[in-house]
Amino acid sequence: MKYAIIESGGKQYKAVEGATIEVDRLPEEIGKKIEIKSVLLVSDGNNITVGTPTVSGATVKTTIVDQFKGPKILVFKYHPRKRYRLKRGHRQQYTRLQIDSIQTKAAAKPTDEAPAKPAAKPAAAAPPEKKPAAKKAAAPAEKKPAAKKTTKKTDDKK
């Protein structure tokens, strides 16, 4: 089964030849043919081509079938004890597209000659082993005078 993942309106859709998809409204007329070039993935049975970010040379040819509105969605805002109530509605506009064909750039025909392999680079010589650094004879650090211990004398008064 041949299909493609396309991008339209910041969203991704699975386009199958002969099927219809509903995308966010496109500013075109009904019956107009559109070519979508933002193809993210193409699958043709066993071969899957993933784009980075899009597949170069791949296009999806579509025809606009319908322009319609989606179902009404109610938005109700309410703040208790504040006498605040707000009721709004929204109907998203969509475009229905008929997928006519999925086209990819023709793959290059294989030739009889094997592609030339790049010359192997000579193995790099192992880096010379590092000798352990000789320890420097450090001068003995000056000793600080020892702190005097003080004891607290307690007077026992009875």
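The values are calculated or read from the model by the stated rules, or taken from the named source; none is laboratory data. For clarity, every value in this text was computed on a predicted model and none was experimentally measured. Note that each Cβ is placed from the backbone with ideal geometry, even for glycine, and that neighbours are counted across all protein chains shown.
Quick look at the numbers
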item: From Gly31, Gly45, Gly57, residue being modelled with pLDDT under 95, exposed (fewer than 13 other Cβ atoms within 10 Å of the Cβ), under 34 Å from the mean Cα position of the chain (by Cα) and on the phi > 0 side of the Ramachandran plot; result: Gly45
item: Checking Ile73 against (1) at pLDDT below 95; (2) in contact with a His (Cβ under 6 Å, 6 or more places away or on another chain), the condition it does not meet; result: (1)
item: Neighbours by Cβ (under 8 Å, 6+ apart or cross-chain): first from the range 50-70, in contact (Cβ under 8 Å) with a residue 24 or more places away in the chain; second hydroxyl-bearing (Ser, Thr, Tyr) and exposed (fewer than 15 other Cβ atoms within 10 Å of the Cβ); result: Val60/Ser101; Lys61/Ser101; Val65/Thr20
item: Qualifying position, being charged (D, E, K, R), at pLDDT 95 or above and assigned to a loop (DSSP other than H, G, I, E, B), among Arg85, Arg81, Arg96; result: Arg81
item: The range 1-51, residues that are more than 19 Å from Thr63 (Cα to Cα) and of a type in the set (Gly, Ala, Ser); result: Gly10, Ser43, Gly45, Gly51
